[in-house]
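Working notes for the structure below.
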Amino acid sequence: VMFDGMALPPFPPLINNAKKRFEDIRSLDCRQDDVLLVAYPKSGTHWIWEIVCMILKQKAEYSKEPKEFLFLEAMPDLDVVRNLPSPRPMNTHLPYRWLPTQHIENGGKIVHVLRNPKDVCVSIFHHAKVAPTVHGDVGDFQTFFKTRFMNPKVKLMGGWFKYEKEFEEAEKKDKRGAIFTVHYENLKKNPIHETRRLADFLNIDLRQEDIAEIVDKCSFQKLKQADETVKDQSVFKESGLPTTLINNLYRKGEIGDWKNHFTVAMNEQFDTVFKEEMRDSDIDIQFE
Ligand code: A3P
């Protein structure tokens with residue numbers, strides 16, 4: 001599905017009527033203490049979602065709901081989120097210009113996740129590869145890179161560059177400190193410190209041992225296991241999403257897997273595009 005220059009993820013509400021869902025999200029009634037989690041696909045959304053939920057609950061307890069369900073663009077009906085108790089964490093891959101207007105006017109909190117785009121590209125490839133019924137045949141990694149990730153015509157959510165530049169611009173204008181950006185790489189290398197920063201941003205006072213417990217429960221292995229055992233998977237059967245997609249959320253969880261996928265030529269091509277696209281940007285990406 002294409003909408004507003006973006007190739008969209010295959011969520012049923014977007015397949016049915018993308019325009020309506022986008023507009024419904026933009027005009028959503030928001031509460032002062034809502035927290036929006038915004039990230040380009042495969043940047044670590046589920047991981048940070050789980051951490052943020054635990055911080056808000058002040059308890060290291062997995063949420064039972066399958067998280068896809070809580071994506072504003074994926075949930076069957078926006079009433080799901082309308083009926084949630086406060087504080088509501090809300091997940092979305094929508095670009096900044098489509099976020100709920102009221103949330104922005106409220107100065108509501110936004111947690112933004114940023115990940116090295118080379119690793120994002122690899123992660124999307126593996127995600128798309130297992131679900132040919134919704135993504136089509138993506139071919140091998142080189143083909144995917146050329147015909148999908150770097151192809152302006154079919155860029156997922158309008159492409160990483162545009163998505164992140166738009167966000168950066170908003171962040172620069174944000175005088176109220178409403179936007180908080182977490183780097184996937186920092187969270188991986190220094191989870192205690194980053195989780196503490198997140199809790200501070202959310203104005204939640206947690207003891208050091210609570211932070212440590214949250215970090216432990218949200219480690220890659222434990223989250224992967226919880227995903228298989230704790231989550232209510234039945235909702236997915238109704239959602240129509242292929243189970244291969246759902247079962248492939250926790251793949252590798254490493255920094256730098258791009259080095260196992262990019263050829264030298266692809267890497268050079270990417271770096272050239274990156275330099276050109278990000279020439280006016282201060283976004284700091286750790287490629288190593
Ligand atoms: P990989 O495909 O590189 O393994 P999203 O949640 O936005 O769809 O992002 C998925 C990516 O985040 C996957 O990357 C997944 O493995 C990784 N991920 C999920 N949980 C993680 C964790 N606890 N630690 C590190 N990476 C994690």
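Readers should treat all values here as calculations from the given coordinates under stated rules, not as data from a laboratory. The shown structure was predicted, so the numbers you read here are calculated from the model rather than taken from an experiment. We place every Cβ from the backbone using ideal geometry, glycine too, and count neighbours over all the protein chains shown.
Using the Cβ-Cβ distance between VAL273 and ASP137 with R0 = 22 Å, the FRET efficiency computed as 1/(1 + (r/R0)^6) comes to roughly 0.35. Looking only at segment 24-62, which residues have a backbone nitrogen under 15 Å from a spot 7 Å from the Cα of SER219 in the C-beta direction? Under 15 Å, as judged by backbone N against the label point of SER219, lies no residue of segment 24-62. Dividing the convex hull volume of the alpha-carbon atoms in segment 1-119 by its residue count gives 110 Å³ per residue.
Taking a ≥ b ≥ c as the square roots of the eigenvalues of the Cα gyration tensor of segment 159-200, is the shape rounded (a/c under 1.5), prolate (a/b larger than b/c) or oblate? Cα axes put segment 159-200 in the oblate bin. When a/c is below 1.5 the answer is rounded, else prolate if a/b is larger than b/c, else oblate, so apply that to the chain with a ≥ b ≥ c taken from the square roots of the Cα gyration tensor eigenvalues. The shape class here is rounded.
Taking every DSSP helix (H) stretch of at least 4 residues in the chain, weighting each as -39,500 (n - 2.57) and dividing the sum by the residue count yields a mean residue ellipticity at 222 nm of -13000 deg cm²/dmol. In loop segments of segment 192-222 as defined by DSSP, the trypsin sites (Lys or Arg not before Pro) with at most 13 further C-beta atoms inside 10 Å of their C-beta are ARG207. Exposure proxy ranking for LYS252, LYS231, based on other Cβ atoms within 10 angstrom of each Cβ and starting from the fewest, stands as LYS252, LYS231.
Of ILE25, ILE285, ILE214, the sequence from fewest to most neighbouring Cβ atoms within 10 angstrom is ILE285, ILE25, ILE214. Hydrodynamic estimate: the Kirkwood radius of segment 105-184 over Cα pairs, inserted into Stokes-Einstein at 37 °C and 0.692 mPa s, corresponds to D of 229 µm²/s. If you take the Cα centroid of segment 57-98 and the Cα centroid of segment 33-56, the two points sit 9 Å apart.
Pairs over the 22 Å Cα-Cα cut-off, from the set LYS188/LYS217; LYS42/LYS188; LYS155/LYS175; LYS153/LYS188; LYS129/LYS252: LYS155/LYS175; LYS153/LYS188. Among beta bridges from DSSP that stay inside the chain, the antiparallel ones total about 10%.
The calculated P(r) of segment 64-143, using every Cα pair and 10 Å bins from 0, goes 13, 36, 32, 16, 2 in percent.
Exposure proxy for MET6, MET266: other Cβ atoms within 10 Å of each Cβ, ordered fewest to most, give MET266, MET6.
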